[in-house]
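The values are calculated or read from the model by the stated rules, or taken from the named source; none is laboratory data. Keep in mind that what you see is a predicted model, and the values were worked out from it rather than measured. Cβ placement follows ideal geometry from the backbone for every residue including glycine, while neighbour counts extend to all protein chains displayed. Please note that ligands, DNA and RNA were not included when accessible areas were found on the heavy atoms of the full protein model with its side chains. Shrake-Rupley method; radii C 1.70, N 1.55, O 1.52, S 1.80 Å.
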Amino acid sequence: VNGQFGFHGDIIHKMHIKHTYIINQYQGIGDILFCVPLIRKWMKEGHRVLWPIVPAYMAIQKHFPDISFVDARAVRFPLQHKSQIDYMGCRVMPLRWADQHTKTPCMRAKYDLYDLDFNLWRELTWVRDKEAETRHRDTLGIHEGEKYNFINRKFGAGSKFQININPNNGLRNIEMSTIAGYTLLDWMGIVENAETIHTVSTSIIYPLEVIDLQAKEVHIYPRKPLDNNLDAVSYL
């Protein structure tokens, strides 16, 4: 594995590690967040982890300085390979395809595949960029103490789908969107202070579960037309 993934020559041979795992969960930011506690468990057990992700997600590295994310474009093994394989001395862990091995629901399958309690995902934590969160709030013109609705109507790769969400409570609507320089997790400062939250069932529902929300109401909507209900995630 010399020269691969920035291992810096012979240094890796001097490290006391059990295995080097390559995580095959390169897209789906919600899936990635959901799997972070699992990856940290493996790291705690003494395994080295390399996690290829799509370039658009690489900015999340600042939130997870303990995890080695790498640009998936630099990985030569076939990311569409659905089984656990050995590759150049590394073990490829097929989290993206776990449900095809376990025949259990998509998200929990990532833990079921390794006989672990899927509720471990609730140990998700990250380093918050408070400076970015403050700049983000100022960019959106949110005043201290202002009451507002947080709305996320878009989902799917590139936000190609959206549903109709129109709360009618007289409060200003703050709509989630892609803004250069800010990650999904940089939105959490805005989300946690919202008066009400309205979101389609997508990646944001995972960080919602583990931060201290001030919202009096949280509304989760199915991903129509892909899903007609919330059965795919309600068990979580």
*Considering every residue within the stretch 68-79, establish whether at least one is part of a loop (DSSP other than H, G, I, E, B), of a type in the set (D, E, K, R), open to solvent by 20 Å² or more (accessible area, probe 1.4 Å) and at pLDDT 95 or above.*
no
*asked:* Suppose the filter is surrounded by fewer than 14 Cβ atoms within 10 Å (Cβ to Cβ), out of contact with any Phe, Trp or Tyr (no Cβ under 8 Å at 6 or more places or on another chain) and farther than 22 Å from Ser201 by Cα; does Arg40 pass it?
replied: no
*Quick one: Gly189 ticks every box in (1) among the small types (Gly, Ala, Ser); (2) touching a residue at least 12 places away in the same chain (Cβ under 8 Å); (3) more than 17 Å from Tyr148 (Cα to Cα) except a single one, so which number is it?*
(3)
*Only helices (runs of 4 or more DSSP H) wholly contained in the stretch 86-184 count here; list those with 2 or more residues that are under 22 Å from Leu230 (Cβ atoms) and open to solvent by less than 50 Å² (accessible area, probe 1.4 Å).*
98-102, 106-112
*Within the stretch 192-217, can you find the residues that are in contact (Cβ under 8 Å) with a residue 60 or more places away in the chain and of a type outside the set (Ser, Thr, Tyr)?*
Ile204, Ile205, Pro207, Glu209, Val210, Ala215
*What residue, among those in the stretch 196-236 that are in a loop (DSSP other than H, G, I, E, B) and of a type in the set (Asp, Glu), is most open to solvent (accessible area, probe 1.4 Å)?*
Asp212
_Cβ-Cβ under 9 Å pairs, at least 6 apart or on other chains, the stretch 91-116 side free of Cβ contacts under 8 Å to residues at least 40 places away in the same chain and more than 18 Å from Lys41 (Cα to Cα), far side open to solvent by 60 Å² or more (accessible area, probe 1.4 Å) and in a helix (DSSP H, G or I)_ = Asp99/Cys106; Asp99/Arg108; Thr102/Arg108
*Hey, could you check the stretch 147-186 for residues that are in contact (Cβ under 8 Å) with a residue 40 or more places away in the chain and of a type in the set (Lys, Arg) and say which is nearest to Ile60 (Cα to Cα)?*
Lys154
_Test: Asn193 is outside any helix (DSSP H, G or I) and surrounded by 16 or more Cβ atoms within 10 Å (Cβ to Cβ)_ = yes
